[in-house]
1. What is the mean number of Cβ atoms from other protein chains located within 10 Å of the Cβ atom of each residue in peptide B:237-246, rounded to a whole number?
2. Have a look at A:Pro179, A:Tyr166, A:Thr214 and report the one farthest towards the positive end of the charge dipole of segment A:144-220, computed about the Cα centre with Cβ charges (Lys/Arg +1, Asp/Glu -1).
3. Could you list B:Lys488, A:Lys183, B:Lys240, B:Lys470 so that the one with the fewest beta carbons within 10 Å of its beta carbon is first and the one with the most is last?
4. For chain A, what is the mean residue ellipticity at 222 nm derived from helices alone (per DSSP H run of n ≥ 4: -39500 (n - 2.57); sum divided by total residues; nearest 500 deg cm²/dmol)?
5. Estimate the FRET efficiency between B:Asp72 and B:Thr610 by the formula 1/(1 + (r/R0)^6), using the beta-carbon distance for r and 35 Å for R0, to the nearest 0.05.
6. So how much slack lies between B:Arg291 and B:Asp387, counting 0.36 nm per residue of separation and subtracting their Cα-Cα distance, in nm?
7. Can you give the % of DSSP beta bridges in segment A:2-224 that are antiparallel, to the nearest 5?
8. Charges at C-beta only: +1 for Lys and Arg, -1 for Asp and Glu. How large is the resulting dipole of segment B:547-715 about its Cα centre, in Debye rounded to 20?
Amino acid sequence: MTVAVIQFGGSNCDRDTVQALTAMGVDAELVWHEDGLPAETSGVVLPGGFSYGDYLRAGAMAARSPIMDEVRELAEEETPVLGICNGAQIGCESALTPGAFTTNESARFQCEHVYLRVENADTPWTRAYEEGEVVEFPIAHGEGRFEIEDERLEELEEDDRILFRYCDGDGNVTADTNPNGSKHNVAGVTGEDDHVAVMMPHPERVSLPELGSTDGRGVLTGFAES
Amino acid sequence: MSLDDSDHELIVDHLGREPTPAEAALFENLWSEHCAYRSSRPLLSAFDSEGEQVVVGPGDDAAVVSLPAGEDGSEAYITMGVESHNHPSYVDPFDGAATGVGGIVRDTLSMGAYPIALADSLYFGDFDREHSRYLFEGVVEGISHYGNCIGVPTVTGSVAFHDDYEGNPLVNVACIGLIDDPDRMVTAEAQQPGNKLVLVGNATGRDGLGGASFASEDLSEDAETEDRPAVQVGDPYTEKLLIEASERLLDEDLIESARDLGAAGLGGASSEMVAKGGLGADIELDAVHQREPNMTALEILLSESQERMCYEVTPENVEEVKAVAERYDLGASVIGEVTEGNYRCTFEGETVVDVDAHFLGEGAPMNDLPTEPQPTAERDLPDADLDAALESVLSSPNTASKRWVYRQYDHEVQVRTSVRPGDDAAVLAVREADVGLAFSSGADPNWTDAAPYDGARAVALENATNLAAKGAVPHAAVDCLNGGNPEKPDVYGGFSDIVDGLAEMCRRLDVPVVGGNVSLYNDSPSGPIPPTPTLAVVGTKDSYDAPPLSLSGEGDILLVGEGPVAGGREARLGGSEYLSAFGGTDRFPAVPEDPSGFVETAAAVADRETTLATHDVSHGGLAVALAEMVSGDAGASVTVDGSTPALFDERPGRVVVETTAPEDVRAAFDGVAPVTQLGSADGSGTLSLSLDGETTTLEAEQIQAYRDVIAETLE
């Protein structure tokens, strides 16, 4: 059983994610998109980066690559699938998750640490946290502003499909704590079923104890249980 | 630009005939200042580039340095390289800066390394001018776009503004690569006649023609429009594929030697490879995969299209190399083979180049240019009151926060960054060798403008102090030496001084300078740039963490180092931000008597458990260093025995230490450097400065407002 971290041309957080999962004792491997998923795939990560150079739209080309058909099939069979950063854009582009991630309000790339409030602690990705808990994650994106129709967002909120919102150190969610202009400060959402999720912040960058913080391990634990 | 008469004569003499047009163009580019270092090479012998850690010194695509062996005996190497992309960044800031990143990363790949960190040192004209800000924004965006896309973190660097960069900004970019197994190292030296030369990467087009010669003359009034075709356009997506392909080729041990295609394109890379091996080549230019039709031999030979590598491959491995290229959607063409004869190129059945590769690469005569000694400044100090001085110096874009810049760079990809930008030096976790690698890069044009020799010594010491403040001992350095038109004796005199000053301090610190880059002719209608010696230094330590720059609020505050506050010396303000704000001149401060002892002891003290915070004292002097350490949660009360200038003296080789064991720090520096108790840290969030019996206070919020000038202006 292995977690497949899919490598598209231009992916660049692929090795980081394998390293973070491996350090947690989760079996993970890089899978080049043209090689297809291994038979024993027990989880899938769509990692961060710039798949296909973000030409056309971030994530748009990767979402249409053949390996995504395999990912969709596994997702329907309740295999955990997590999209991080560019992987989140791919997840939305391929309709695994709702909404879209588009150009930051600042129109610039932003690499910085932000606070996130855990909105729903009853998913495979957030079970390690308490609801309302504040964690610190890095973001690194130029197109991370979550966009969706108002009615759809209300539905998501009613169905408890928001994983994290950008907040301050005390958990207050305000316009000032929103780094990229995301609607309702949304930083991550789940698919129809909560074993599929996407998020812009990078859990793999806060999962290796030698770099200081392990706040992100809670998210990756979603694969340990699979 | 064309071949000058004496070069032409030498070439005709050597060949026994007139050069063909393609040969003449090759000589013009490879014998240019940019490629052949004709004016600077005679000076570069000042540098000491040897040491037991040096595996490959100057002269290849990048230098290779061994890291201290891990406890389990694991051996790893790093590569170090630095490059300038000055003229292209003036003409087209976004693409010029972006392709500078691409070039230094390919230099790293061609040694068999994986690029793990970038640093950018940038220099622009006065921040108040709109054109300077346009260049600054474009350059930062170009670096951000390219570096972020290829997944190599930009972890440190520097940004400075100075009037004399108005017509000629500088973009210096350094890259560190990791070779986690010494057997993976390759060089640019061709190995064996009969091996094939394979060109992998982007198709060749008509972009960047004559880039090397463009970099070897002054920028003209109309450079922004006239020289556009000499600037290349980068494609970071292809570069990332090239990184992946390179890893695969190394994993499968498929390449014998490698060189990236940079200045002078295919002609440069292929001829230099075989020249290094004392060999020749037969190259069929028609075989090159091309992006546009009807290219001439000369265009194929000299195009500087980006994201291309030339590999030497044994005949039996050619198909496998092509398969790897195909896997990563990269073009590949077998363009010829290594021979024992001349460097020969054919095109449409005709021989267009037939010369001795060694003569082409090494035959350029060196220039022995006259220099003029640099004047020494007299003392003429302005009168400024402390509050006004604090406001001016803290809100100068030179000392201000660079967060607006590094926030646009992905500085955490590859999960190695344990100390992030905004501190004195970055620290990277190199788990493969169990080493913490600290990295600092920069220069200060105010210093080298005021005093080229002493200023360059200060640049070297300041970078070393940045590492030491984070607990690392300097290990090796590369330099990027930028100067104006060397044919002007006063300009060349200043350039010659920065070379000597940098070399002298690196020698005293026992840091080998393992490679570098020289960029001359940074001269425009608005005059020459200040001589600018960017130094990129790495240091090593046996842990990944480091004391922060910010005060904890719990300890005593000590100043270590000689200067107007300690050691009883008079303030010297030459080269300071204080003088650039208020006018006036002064001598440049002296460097400490034992810089090497200072750096080693500072590194050891930084890593003690009782050390709560450390910060080097440099641009803006002690006033800026202390202000930067204050946050909303922690402040300090400090008394300085001296007058206002003492706070703004930029004497290098000093650190501020917050410690719970001040006596231990004194004992450690006994006989090495003076230690002065300045005061103590507290939880106030305020900097309280007492000087000459008067006290001034600055709230953290006020300090931040001053320091935010770049973001405030550009957002």
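Quick note: the coordinates plus some simple rules give every number you see, no bench work behind them. Because the structure is predicted, anything quoted here is derived from the model rather than measured. Cβ sites come from the backbone with ideal geometry, for glycine too, and all protein chains shown count toward neighbours.
1. Numbers: counts 8, 3, 2, 8, 3, 0, 1, 7, 0, 0.
Across the residues of B:237-246, the mean count of other-chain Cβ atoms within 10 Å is 3.
2. A:Thr214
3. Working: B:Lys488 18, A:Lys183 15, B:Lys240 25, B:Lys470 32.
Exposure proxy ranking, most exposed first: A:Lys183, B:Lys488, B:Lys240, B:Lys470.
4. Details: 6 runs with 49 residues, N = 226.
-6000 deg cm²/dmol, from helical runs alone.
5. Working: r = 30 Å, r/R0 = 0.87.
So the FRET efficiency works out to roughly 0.70.
6. On the way: separation 96, 0.36 × 96 = 34.56 nm, distance 6.12 nm.
Taking 0.36 nm per residue and subtracting the Cα distance, the gain is 28.4 nm.
7. Working: 22 of 38 bridges.
If we restrict to bridges inside segment A:2-224, about 60 percent are antiparallel.
8. On the way: 8 positive and 29 negative charges, 88 e Å.
In debye, rounded to 20, segment B:547-715 gives about 420.
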